[in-house]
Each structure stands twice: as structure tokens, then as C-alpha cells.
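Here is the structure we will look at, set down as C-alpha cells.
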Amino acid sequence: TLIPISMQAQNKANYDESKVPALVLPDPFVSEKGEVIRSKEDWEKVRKPEIFKLFEREVYGQIPRDFEDISFALAQENENPYPDLARLEEVDITVRRQGQSHTMRLNLFLPKKKSGSFPLILLINHRPMDPEGSLVDEAFWPVPELIKRGFATASFHAETVSPDDADRYQEGILNTLYPEQMEMADGMKAFGAWGWAAMRGMDYFEQHEKINAAKSVLVGHSRGGKTALWTSANDPRWAITYANESGCGGAALSRRKFGETVEIINSSFPHWFADNFRKYNGREESLLIDQHMLPGLIAPRAVYYASAKGDQWADPKGEFLSLKLGSRVYTDIYGQKIQFPEAFESITSPIHQKSVGYHIREGEHDLSWTDWEIFLEFVEKNL
Ligand code: GTR
């Protein structure tokens, strides 16, 4: 059963900027021993691993990497899901570990007309699919448009590895492959499992002759966006990572407590984050990290956030601020030239910088064609 976000929780949420606590954020550039981190070497050897460990242990949980064997089988092919445009490969990815196996399904659309190998966009999907394997909502996953622009595009469904359901999330790779994770306070939950699935998708793309895996883009909306960020922090094979309206536990700064909070999200979705994350319910200040430290785990690879004005639940300002602060790893450590507007309120157009991008649009919480269109401009510049 999905636990609906209670009216009580929503009513508890703050939407008043004047009630946002004064922000005192942990410093990405001071190590646990108190050393100031300036060089790429100290960042990569000392500080980045420290920050990664904290996110893994206290927030998202592990994404286990070990298994004995992976195999790919073409379960179905459709030569004409979109006449003349694309071919659909439905692939069963089977992973074996300790005498058990799990099979997940991946749907991959490949451009038909062009030859050569294609850049790839993978969407983490938690929405219902039609029997053809594509999505009902073509704005959410605009396959024909992506194909026309020369991308291959793939998706897998959350159900295939961990159902998005507090009572059933174990009925996937947790039960089949990694049961010991359920005993751990930092063990994998649904986000970890979805991230694991994206990584297995990448294993497939890497050996696919029609895919240029070095040009791979990972996309997620909302809960999928939170997952995309954590996946990319774990797996450097993604060239660009796009978290759309990912809000609390994704792009947004937890300490702002604006809209959805750590306590609300852990109560509504107890199957998403590591159990340890509950320690911070109402105690965001005691967490040694905040979400502005997440882009640094992806850097220097490209990262993209987007917000919607009507999606105050996800705290657009908190999403922007964490990216702006997070982009300091790109500038101070990797020497990128990046310019962000001083104030969130003064943004009038997309901020498309080298390796870091952001937009905010009118309208409600959704991954819309407008979002895709603006994001694809960034992709074309950065891939
Ligand atoms: C909401 C949840 C958000 C976000 C969203 C979604 O109900 O509170 O954190 O993940 O669902 O995935 O669309």
C-alpha cells in the first residue's frame, strides 16, 4: 500500500520564506580532520570519499556492487513501435549471486534511420507503462522526439527491481539477490535498488554496438530524480545526470525545511531511504552533510536540476541554492568557469553553464515537454 501524504503532514509543512531557519551548512571543503581541501587530489582522495560515505550511511543506503554473473537476452523485438523512426528492444537482464538470480526488464528504443552508435538517454520510470513497453504519457518520456534528435533512449520500471510500495519494496532484488541488506541500518532500500537497475542497464549499453555509452544521460523525475543523483554519485559512467523537481532528499537543501521535510518524507515513504535517515526527522541540523554536497560527488561530470514554480512542495529555491553551492566543486576544484545569478528571485532564463545547468518554469510538478526541450539544449552543448 502506498501511504498517502497525510493532510496533517502537508499542513505541517512550511511555505513561508520568513520562517526558513538561518542556513548554517556543512562545509564541503573542510575534511573530518579539519583540513582545508583545495586541490583535486585532496578532494578526490580525502573529502569526496568522506562525503560519499555520509550520504551512503546516513541518507540513501548502499548500492551493493557484487554479483557473480550478468547476462542479457532479447525477450522481444518490435521493428515498428514508431513507424520508420525507432526499433524497440525489450531486454531481460539476469543477474546471479550466491545461487539466486533476478531478471529485470529494460526497454530500449534505437533510431532506425541513422547508422553508427548513438548517445543514450535512460529514464528511471515509476509511472505505469502500456503493454508495448512505452509510457502512456509521451510528454514524460518523449521517445519519438528523442529518436528524431539522434538519441537512443531506454527505460526500466521500478517494479522490475523494487516495487514502489512500503509493504512490497522487498519483492525484487532485496529478496532475490541481497537479503542481508534488509538487516542493515544503511542497507539498500528502493532508491538503491532503482539505482542498481540503472547501473545494470549501463552494463548492457556498454556492450551494445549501437550505443555510445560514453555519451550516456541519466534522467529521473521527482523520486526518480533523487534516485538519479544517488546513482550517478555511485557510478561515474553517466556523462550527464538530470534530476527534475527532485525536491526533498534530492536537489533541495534539507535544512531549509521548506515544503516536504525529512520527517514527512520518511513517514510517507519509509521504503525509499536507508533506515538511518530517520535519525534526522526534525533534526536536519545534526546531519553532517546537506544536499548541496551531492553535485560534488558527480563532478566534474555534468549535472542538471530543474524546478517548477507550482511545485513548492519540492522547494524550488532550495533546489537552486544547493546546485549553486554545489557548483563550487566544479569551479574551485575542477577550474570550470560557472556563473550563477546572485538571487534565485532574479532568474529569468535557463542557466546553462559548462557542466552545470538549471531551469525553472511555470506550472505544476511534472516532467513536461518544456522541461525536456530546455534540458536537451543543455545536453547538446555538453555531450
Ligand atoms: C511526492 C513526494 C516527493 C516526490 C513525489 C514524486 O509525493 O512527497 O518527495 O518524490 O512524490 O515522486 O512525484
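The values are calculated or read from the model by the stated rules, or taken from the named source; none is laboratory data. Every value quoted in this text rests on a predicted model; they were computed, and no experiment measured them. For neighbour counting, all protein chains shown are included, and Cβ atoms are generated from backbone atoms with ideal geometry for every residue, glycine included. Surface accessibility is based on the protein's heavy atoms, side chains included, excluding ligands, DNA and RNA. Shrake-Rupley method; radii C 1.70, N 1.55, O 1.52, S 1.80 Å.
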**Item:** Extension gain, ASP66 back to LEU383 (0.36 nm per residue minus Cα-Cα distance, nm)
**Value:** 111.1 nm
**Net charge of neighbours whose Cβ lies under 12 Å from the Cβ of TRP194, counting Lys and Arg as +1 and Asp and Glu as -1** = +2
**GLU183-GLU77 pseudo-label distance in nm [points 7 Å out on the Cα-to-Cβ vector]** = 4.5
**Item:** Computed E for LYS40/LYS309 - FRET, C-beta separation, R0 35 angstrom, nearest 0.05
**Value:** 0.40
**Message:** Give me the extension gain from LYS19 to GLU209: residue separation times 0.36 nm, minus the current Cα-Cα distance, reported in nm with one decimal.
**Reply:** 63.0 nm
**Complete:** Mean separation of Cα contacts under 8 Å (at least 6 apart) over the residue count of region 27-99, i.e. the relative contact order in percent, is 23
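In the chain, what % of DSSP beta bridges are antiparallel (nearest 5)?
On the way: 30 of 59 bridges.
Counting only bridges with both partners in the chain, antiparallel ones make up about 50 percent.
Tell me what the chain gives for mean residue ellipticity at 222 nm when only DSSP H runs of n ≥ 4 count, each as -39,500 (n - 2.57), the sum divided by the residue total, rounded to 500 deg cm²/dmol.
Numbers: 10 runs with 88 residues, N = 383.
That calculation yields -6500 deg cm²/dmol at 222 nm.
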**Request:** Calculate the dipole size of the chain relative to its Cα centre from +1 charges on Lys and Arg beta carbons and -1 charges on Asp and Glu beta carbons; express the result in debye to the nearest 20.
**Result:** 980
**Asked** Which whole-Hz couplings ³J(HN,Hα) result when phi for each residue of region 252-265 is put into the Karplus expression 6.51 cos²θ - 1.76 cosθ + 1.60, θ = phi - 60°, listed in order with x for Gly and Pro?
**Response** 6, 5, 5, 5, 6, 6, 9, x, 5, 10, 4, 5, 5, 5
**Asked** Using modelled backbone amide H atoms (1.01 Å from N, in-plane), which distant-in-sequence or interchain residues come within less than 5 Å of LEU85's amide H?
**Response** none
**Message:** Through the Karplus equation 6.51 cos²θ - 1.76 cosθ + 1.60, θ set to phi - 60°, convert the phi angles of region 142-147 into ³J(HN,Hα) values in whole Hz; use x for Gly and Pro.
**Reply:** x, 3, x, 5, 5, 5
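Percent of alpha carbon pairs in the chain separated by more than 27 Å?
Numbers: 33786 of 73153 pairs.
Percentage above 27 Å: 46.
State to the nearest 20 debye the size of the charge dipole of region 65-159 about its Cα centre, where the only charges are +1 on K and R beta carbons and -1 on D and E beta carbons. Each step should come with its number before you reach the end.
Details: 11 positive and 15 negative charges, 77 e Å.
For this selection, approximately 380 debye.
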**Prompt:** If you rank PHE67, PHE156 by how much accessible surface each has, with a 1.4 Å probe, what is the order from largest down?
**Reply:** PHE67, PHE156
**Prompt:** Among the trypsin sites (Lys or Arg not before Pro) within region 246-305, which fall in a DSSP loop and have no more than 16 other Cβ atoms within 10 Å of their own Cβ?
**Reply:** ARG283
